[in-house]
Amino acid sequence: MDCKKYIDERIGRLKNIMSEKGIDTVILKKPENVFYFSNFNPVLNSHPAVMIISLDEEPCLLVHSIRYVHACEEGKIKNVKIYGKWGANVPLAIHPVDAVRTLLGKRNRKLGLELDYCSAGFCSEVDDKLCPDEVVSISSEINMMKIIKDPYEIGCIRRSAALVDKGVEVTIDYLKQGYSEAEACTQGQYAMRRMWHEKFPEAEVCGFGTSEGGMIDSLHVWCLSNGHIAYGCDCPRHYHPQPGDLTLPMAWAKTDGYHAENERTVIVGELDSYKQNAYDGMLKARESIFRILKPGVTFEELYLAAAKVYSERGFDSILPGRVGHGVGCSAHEFPSLERGNLLRLQPGMVMTVEPGLMDKTWGGVRHSDTVLITEDGCELLTRFDTGAIVIECGDLRAERAD
């Protein structure tokens, strides 16, 4: 499916917002937002890409000279301009804001910037060189635009969901065989890569890098056990799960810029009564959310439904801060399923449902699914085993010693 028409529709919606708020020009620098409005991901952002959208001018994608061919071939914006010196390319200027000034001039303007992202240095440079009449934040408006996914975005997330299902499934299979967290995760990641090039060979799996690094491969699998689960996101270790343990394999993936995740807490052997109560509570908390997960329900209602289950089981002191979050170009996207969020669910929203408990003294429990809100309910995009997962595993170290 070609995303060009959806890119044009997004720019059109943003221009409507700009017109309503009297904003003449929006300058975007956050990689995920530049991608959302252009379909261009430079992967490495040490030379940032900039999207310039004005009410009275053609949208412009401004990239460093080294990214010019890449931007022309993969982006969906015809008007690509360059800054910075590389090879025979002739740039507008050496530095990006100087190039923006060349494009826009110093006319009196009301500018929209991502003030929740842009550095103070960048904002100061814009003020000094562009001399706008006023600078306002456009961050919340873009966040609200991005919470409703179009068919192209949903298609990308579906592919990502299939990949993370495979990653978690294979990781659990290797845990059953007695492999360590790290070894099992490696096999899960191999399986995701094989599935990618066998089923989705045209899809790009790059992520969005930072100003000092890139993300060529967004296919991630990791696994944490017991107290290590409380770290949330950390490197798996060469630990072999033992009877009585809780272990949590997790997989993330992006295809063509869009994220999905699957996380499954695994019981090894038999748990003590405290851990079993937490695990059973997690499954009940999920049920309480899915029972009401449909358009019109507030995000707070989802949180309160899960929190009620945990409170009734004696876990008031370690209630989660949220029980899920939006996903899209980012792994953790606006909004959160949390207390106080009175936004109502709408068809086309994609989010995780992951009511969990974590405590360093014993570990944690969490299943995370990527979910699409439909016209009359919801659809699970991740489909690997959503119930209790119990394994019996040995320790391969002894076998290898033999």
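The values are calculated or read from the model by the stated rules, or taken from the named source; none is laboratory data. Note that the structure is predicted; figures quoted are calculated from it, not measured. For neighbour counting, all protein chains shown are included, and Cβ atoms are generated from backbone atoms with ideal geometry for every residue, glycine included. Surface areas here come from the heavy atoms of the whole protein model, side chains and all, with no ligands, DNA or RNA. Shrake-Rupley method; radii C 1.70, N 1.55, O 1.52, S 1.80 Å.
For the range 128-154, how many residues are open to solvent by 20 Å² or more (accessible area, probe 1.4 Å), part of a helix (DSSP H, G or I) and farther than 19 Å from T374 by Cβ? Count: 6.
Residues that are surrounded by fewer than 22 Cβ atoms within 10 Å (Cβ to Cβ) and out of contact with any Asp or Glu (no Cβ under 7 Å at 6 or more places or on another chain): find the strands (runs of 3 or more DSSP E) completely inside the range 247-366 holding 1 or more of those.
266-268, 333-336, 357-359
Of the set (1) modelled with pLDDT of 95 or more; (2) surrounded by fewer than 19 Cβ atoms within 10 Å (Cβ to Cβ); (3) of a type outside the set (A, V, I, L, M, F, W, C), all apply to D56 but (1). Listed conditions (1) more than 20 Å from E183 (Cα to Cα); (2) touching a strand residue (DSSP E or B) at 6+ places or on another chain (Cβ under 9 Å) are all met by D256, apart from (2).
Among the candidates V309, V297, V221, V268, which residue alone is assigned by the TED database to the domain that holds K166 and under 20 Å from R193 (Cα atoms)? Steps first, answer last, please.
Numbers: V309 fails: under 20 Å from R193 (Cα atoms); V297 fails: under 20 Å from R193 (Cα atoms); V268 fails: under 20 Å from R193 (Cα atoms).
Only one candidate qualifies: V221.
Sort out which residues of the range 166-183 are over 19 Å from T370 (Cβ atoms), in a helix (DSSP H, G or I) and either touching a Lys or Arg at 6+ places or on another chain (Cβ under 9 Å) or among the β-branched types (V, I, T) (or both), and write them in order of number. Walk me through it before giving the result.
So the first thing to find is which residues in the range 166-183 are over 19 Å from T370 (Cβ atoms), and the list is 173-183.
Now drop any that are not in a helix (DSSP H, G or I), which leaves 173-176, 181-183.
Once the filter is applied, which keeps residues that are over 19 Å from T370 (Cβ atoms), in a helix (DSSP H, G or I) and either touching a Lys or Arg at 6+ places or on another chain (Cβ under 9 Å) or among the β-branched types (V, I, T) (or both), the range 166-183 yields E181, A182.
Select from the range 362-402 the residues that are of a type outside the set (S, T, N, Q) and in contact with a Pro (Cβ under 7 Å, 6 or more places away or on another chain) and write down the one among them that is modelled with the lowest pLDDT. Selected residue: C393.
Residue-level check: of (1) surrounded by 13 or more Cβ atoms within 10 Å (Cβ to Cβ); (2) farther than 19 Å from D98 by Cα, E20 misses just (1).
Is it true that A230 is open to solvent by less than 20 Å² (accessible area, probe 1.4 Å) and either assigned by the TED database to the domain that holds V353 or under 26 Å from E312 (Cα atoms) (or both)? No; evaluated as a whole, the condition is false for this residue. Which condition breaks for E32 when tested against (1) part of a loop (DSSP other than H, G, I, E, B); (2) touching an Asp or Glu at 6+ places or on another chain (Cβ under 9 Å); (3) under 24 Å from I216 (Cβ atoms); (4) open to solvent by 10 Å² or more (accessible area, probe 1.4 Å)? For E32, the exception is condition (1).
Answer yes or no as to whether R158 is part of a helix (DSSP H, G or I), without any contact (Cβ under 8 Å) to a residue 60 or more places away in the chain and either touching a helix residue (DSSP H, G or I) at 6+ places or on another chain (Cβ under 8 Å) or under 23 Å from E9 (Cβ atoms) (or both). No: the conditions fail for R158.
What are the residues in the range 233-246 that are open to solvent by 50 Å² or more (accessible area, probe 1.4 Å) and of a type outside the set (K, R), if any?
Quick first cut of the range 233-246, residues open to solvent by 50 Å² or more (accessible area, probe 1.4 Å) only: 233-235, 237-239, 242-243.
Of everything in the range 233-246, those that are open to solvent by 50 Å² or more (accessible area, probe 1.4 Å) and of a type outside the set (K, R) turn out to be C233, D234, C235, H238, Y239, Q242, P243.
Residue count for the range 75-115 satisfying the condition of being modelled with pLDDT of 95 or more, open to solvent by less than 30 Å² (accessible area, probe 1.4 Å) and more than 33 Å from the chain's Cα centre (by Cα): 1. In the range 177-214, the residue that is nearest to the chain's Cα centre (by Cα) out of those that are among the small types (G, A, S) and under 18 Å from V164 (Cβ atoms) is G207.
Condition check ((1) within 17 Å of M358 (Cβ to Cβ); (2) acidic (D, E)) across all residues:
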{"site": "Q276", "(1), (2)": "yes, no"}
{"site": "D280", "(1), (2)": "yes, yes"}
{"site": "F290", "(1), (2)": "no, no"}
{"site": "K294", "(1), (2)": "no, no"}
{"site": "Y303", "(1), (2)": "yes, no"}
{"site": "K308", "(1), (2)": "no, no"}
{"site": "R313", "(1), (2)": "yes, no"}
